[in-house]
Amino acid sequence: MLSAILSWPRSTKRLFVVSLDLCMSLVAMWLAFSLRLDTPHSPTGLQWLVYGLAPALALPIFIHAGLYRAIFRYTGIAALITTGQAVALYGALLFCILLIAQWEGVPRSVGVLQPIILLLMVGSSRALGWFWLAGKPRNTTHRLLIYGAGSAGAQTAAAMQNMRQYQLMGFLDDDPKKTGSTINGVHVSTPNKLPELIEQLNITDVLLALPSTTRQRRHQIIQNLGRSAVRVRTLPGLSDLASGRVSVTDFQELDVEDLLGREPVAAQHGLLGNGLTGQVVLVTGAGGSIGSELCRQIVNEGPAKLLLVDHSEYALYAVHHELQALRDQGAHTCELMPLLTSVVNPHRIADICRKHRPDSIYHAAAYKHVPMVEANAGEGVINNVFGTLNMVRIALEYGAQNFVLVSTDKAVRPTNIMGASKRVAEQVLQAIAASRVSPFEDVLPERAVPWSCPTRLSMVRFGNVLGSSGSVIPLFRRQITSGGPLTVTHPGVTRYFMTIPEAAQLVLQAGAMAEGGDLFLLDMGEPVRILDVARRMVALSGLTVRDAEHPQGDIAIEFTGLRPGEKLYEELLIGDNPLATAHPRIRRAREEFCQWSELRATLQPLQEAANANDEAALKRSLSLLVSGYLSHPVRSYSRL
């Protein structure tokens, strides 16, 4: 019956409610007369006129007040207040008419009694309708606790009254003053009772409603929840809820920041805008994870023009479409130029720089997937080394003030071609910045000795980026969704992690602090075991790990062996004693590198080997260029 009523056309539902109110106004009038005369009433004479007057007055007032635009199953306190106001206006008019007319046989007190009775009946009908249509208990597989009994939790609970896929079973809150109280009839418990509540109430999900808590406290809560077999989710931002961009039904997976294990490094906004406001900025690899986030943050700093360079048509379309939509909404006024090309095409890059004269270049384009580059060594070196060389040469030729290379911790004592190629790219910048003679005589004729590099060249080195296209986080999420197993290369693998916004902010702030030849790195805290990340993600999905101790678990973790060129752990620094900078968590490293005359001579055979895709010759050249490069294959870890 419920589904049949909900399927009625809107006009039919309104007609039903109007008819119901008409009947209630007549019944309320009969009750008012009966109570006043102390006997069941049978209308006579002018009393019939009063019976007809009740709906004739009430229905137009109710229509004007919007009572028939409300949806019963979404009725709240605001709708009940509106009902009270409409009935009060109706009662005032009815009493005035009866007071003035003084019809025979019609007591004036009926003008007071009838509106009171009608208010009770109309209000009760709305409340009962809401309870039946929306508040009816339901069988559902999602039985939910809300962690946080503050305003965000209470608002979420109120919104969930209309959600049929979740059943709210209670609140959890750290505040002992709230323990034992209720919110809209829902009990508030201490988090210590979570295991007990899971067993008693068959809890399947816990929703974090903690918008103002610190990241450290949030991380502690997530760790505690991870010990229980429940799925942990988080609320969308309250600003997104208020703006209508998302609804409360859009419960989200935990942010990647929640898996980081530390507070994200805050940006210094004074540094972010330095060298961007009013400038022409070029970003290579603009469609990638880092490049696209760089673009999002750059447009917020008010550049005159942003040149988006990428060789992937779809990636370039996606980032340009996103930024153009923000411009249309008034979020920024930057002119956007999507430019489809590769950094290994010097003629096209030179044409772009000649036409637009970028002030700052952020070079994020690179092949970064270790096994992919290992299997395609020539292309990896051409793109990562000689694509960077092209960009630097053209930046010098066309007078760019800043050039920032996005590098990686895999460039430190690399065991793979990707890392070695990025270290060579770093050395290219270091050598040119330190050179006292012009490195490119054909485009910058030597006029004086010593020569000084006119472009501030700098490098930014950081670790794995959570949530990027190559990160383990999206991979683990897909594997959990498909039922596992989660694939980890080795139980001892550790990595430094940072978020995509952190990485982009670091790049922009480094560019602002650069003096020339600088290599910047982020103090990223302690490295994290990939195995621990995998176990945490399984636990926070409400599942258990299946292993020898728990053969009945839900998701297995499988060790696949170290991939070609993969290391057990990564480092950020080759030398010692990094220097402090204007940002407390950013360090400046000074590392040894080849002089440009030596480097240039070695780059020629490297380029020839890359063009011929001669892997053996490539590795020999890289071994000469990169200190600590181990070109031998890494022994795989057997499957367990």
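The values are calculated or read from the model by the stated rules, or taken from the named source; none is laboratory data. Since the model is a prediction, treat every value here as computed from it, not as a measurement. Here Cβ is always computed from backbone atoms with ideal geometry, including for glycine, and neighbour counts include all displayed protein chains.
Quick notes on this structure:
- Residues located in the range 342-376, provided they are among the charged types (D, E, K, R) and part of a helix (DSSP H, G or I): 348, 351, 354, 355, 374
- Candidates are the residues of the range 428-439 that are buried (at least 24 other Cβ atoms within 10 Å of the Cβ) and of a type outside the set (Gly, Ala, Ser); the one that is farthest from the chain's Cα centre (by Cα) is 432.
- The combined condition, being at pLDDT 95 or above, surrounded by 15 or more Cβ atoms within 10 Å (Cβ to Cβ) and not β-branched (Val, Ile, Thr), is not fulfilled by residue 259.
- The range 328-341: number of residues that are crowded, with 16+ Cβ neighbours inside 10 Å and either assigned to a helix (DSSP H, G or I) or not hydrophobic (A, V, I, L, M, F, W, C) (or both): 3
- Among the candidates 477, 423, 413, 393, residue that is of a type outside the set (A, V, I, L, M), at pLDDT below 90 and in a helix (DSSP H, G or I): 477
- Residue 405 vs. criteria modelled with pLDDT of 90 or more, under 26 Å from residue 613 (Cβ atoms), buried (at least 23 other Cβ atoms within 10 Å of the Cβ) and not small (Gly, Ala, Ser): yes
- Residue ID - nearest to residue 142 (Cα to Cα), chosen from residues in the range 502-557 that are without any contact (Cβ under 8 Å) to a residue 24 or more places away in the chain and aliphatic (A, V, I, L, M): 545
- Matching residues in the range 500-555 - criterion: being over 25 Å from residue 567 (Cβ atoms) and among the charged types (D, E, K, R): 515, 518, 546, 547, 549, 554
Residue-by-condition table, conditions (1) over 23 Å from residue 455 (Cα atoms); (2) in the same structural domain as residue 613 (by TED's automatic domain parsing); (3) out of contact with any Lys or Arg (no Cβ under 7 Å at 6 or more places or on another chain):
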| residue | (1), (2), (3) |
| --- | --- |
| 304 | no, yes, yes |
| 311 | yes, yes, yes |
| 317 | yes, yes, yes |
| 345 | no, yes, yes |
| 352 | no, yes, yes |
| 356 | no, yes, no |
| 360 | no, yes, yes |
| 378 | yes, yes, yes |
| 385 | no, yes, yes |
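- Within the range 517-548, being surrounded by fewer than 16 Cβ atoms within 10 Å (Cβ to Cβ), over 23 Å from residue 234 (Cβ atoms) and at pLDDT below 80 holds for 523, 526.
- Picking from residues in the range 342-388 that are of a type in the set (Phe, Trp, Tyr) and out of contact with any strand residue (DSSP E or B) (no Cβ under 8 Å at 6 or more places or on another chain), the one that is surrounded by the fewest Cβ atoms within 10 Å (Cβ to Cβ) is 367.
- Residue tally, condition β-branched (Val, Ile, Thr) and touching a strand residue (DSSP E or B) at 6+ places or on another chain (Cβ under 8 Å), over the range 397-424: 4
- Residues being assigned to a helix (DSSP H, G or I) and either modelled with pLDDT of 80 or more or among the aromatic types (Phe, Trp, Tyr) (or both) - total across the range 126-158: 3
- For residue 359, the stated conditions do not hold, so it cannot be described as free of Cβ contacts under 8 Å to residues at least 60 places away in the same chain and among the charged types (D, E, K, R).
For (1) at pLDDT below 85; (2) basic (Lys, Arg); (3) within 10 Å of residue 148 (Cβ to Cβ); (4) surrounded by fewer than 19 Cβ atoms within 10 Å (Cβ to Cβ), each residue gets a yes or a no:
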{"residue": "168", "(1), (2), (3), (4)": "yes, no, no, no"}
{"residue": "172", "(1), (2), (3), (4)": "no, no, yes, no"}
{"residue": "177", "(1), (2), (3), (4)": "yes, yes, no, yes"}
{"residue": "187", "(1), (2), (3), (4)": "no, no, no, yes"}
{"residue": "208", "(1), (2), (3), (4)": "yes, no, yes, no"}
